[in-house]
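As structure tokens, the structure follows; a few thoughts come after it.
The values are calculated or read from the model by the stated rules, or taken from the named source; none is laboratory data. Just so we're clear, the structure is a prediction, and the values are computed from it rather than from any experiment. As a convention, Cβ positions derive from the backbone with ideal geometry for all residues, glycine included, and neighbour counts pool all protein chains shown.
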Amino acid sequence: MISINEIRGALVKVEHRPEHFDAHPSQAAVAMIMNEGTQGLEVCFIRRAERVGDPWSGQVAFPGGRASATDADAFAVAERETWEEIGVVLKPEHRVGALPMRNVEHNVKRSGLTLWPFVYHVGEVERAMATARLPKEVASVFWVPLGHLFDHQHVTELEYPMGVSASTFPGIQFGEHVIWGLTLRVLASFAEVMQRQLPALA
């Protein structure tokens, strides 16, 4: 469907402004990690553990998290958090490129988050390392064929509590998992860069 070389070529055109990064918890970064699977490129996702106080409790996400004072740049955030959460060592040679930075103005309990998404391509050694290392934060790690994300047959809807009521959100079904919310919006950025339509948001 989409090759890693196509992705590299498309991401070269995305403007990355590292000078806008501030090593502060209001900044976060995630890693969209790809590997060559039996059905072409596959993408790594995590399911966050269910815990009180986490606005993304139980949701599907990319490995990543908030910046700390020791992070030199946004890449460092994504790579440190990936190691802490799933044990994968991401190196500069694994970097494919940056997706557009997102300002997450409204979440369930927090606001003012700046998200830096990055795409990585790893080999079998790194893929084999991927496992949930922080059970209090990560419940599971799983890989989804990239083609699955762009298949209209897997489009679904999910009801999620918003205040005293529930709202319906678009999503992508993969087994017991539903990819939606902020993670789906990052996938939408990826689709836009690749000049593809993401069926879940069509």
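Values for this structure:
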{"read-out": "Qualifying residue in segment 52-62 (condition: in contact with a helix residue (DSSP H, G or I) (Cβ under 7 Å, 6 or more places away or on another chain), part of a loop (DSSP other than H, G, I, E, B) and at pLDDT below 90)", "value": "no"}
{"read-out": "Residue match in segment 20-28 (condition: free of Cβ contacts under 8 Å to residues at least 12 places away in the same chain, assigned to a helix (DSSP H, G or I) and more than 26 Å from ALA132 (Cβ to Cβ))", "value": "no"}
{"read-out": "Scan of segment 126-155 for residues that are surrounded by fewer than 19 Cβ atoms within 10 Å (Cβ to Cβ), over 22 Å from HIS94 (Cβ atoms) and of a type in the set (A, V, I, L, M, F, W, C), ordered by number", "value": "ALA139, VAL155"}
{"read-out": "Residue count for segment 1-15, restricted to those that are of a type outside the set (Val, Ile, Thr) and buried (at least 17 other Cβ atoms within 10 Å of the Cβ)", "value": "2"}
{"read-out": "Filtered residue count, segment 107-125, keeping only those that are at pLDDT 95 or above and either loosely packed, with under 14 Cβ neighbours inside 10 Å or within 16 Å of THR38 (Cα to Cα) (or both)", "value": "5"}
{"read-out": "Matching residues, segment 1-45, being among the aliphatic types (A, V, I, L, M) and within 22 Å of ASP71 (Cα to Cα)", "value": "ALA23, ALA28, ALA29, VAL30, ALA31, MET32, ILE33"}
{"read-out": "Entirely in segment 91-202, the helices (runs of 4 or more DSSP H) that have 3 or more residues that are under 23 Å from PHE75 (Cβ atoms)", "value": "124-129, 181-193"}
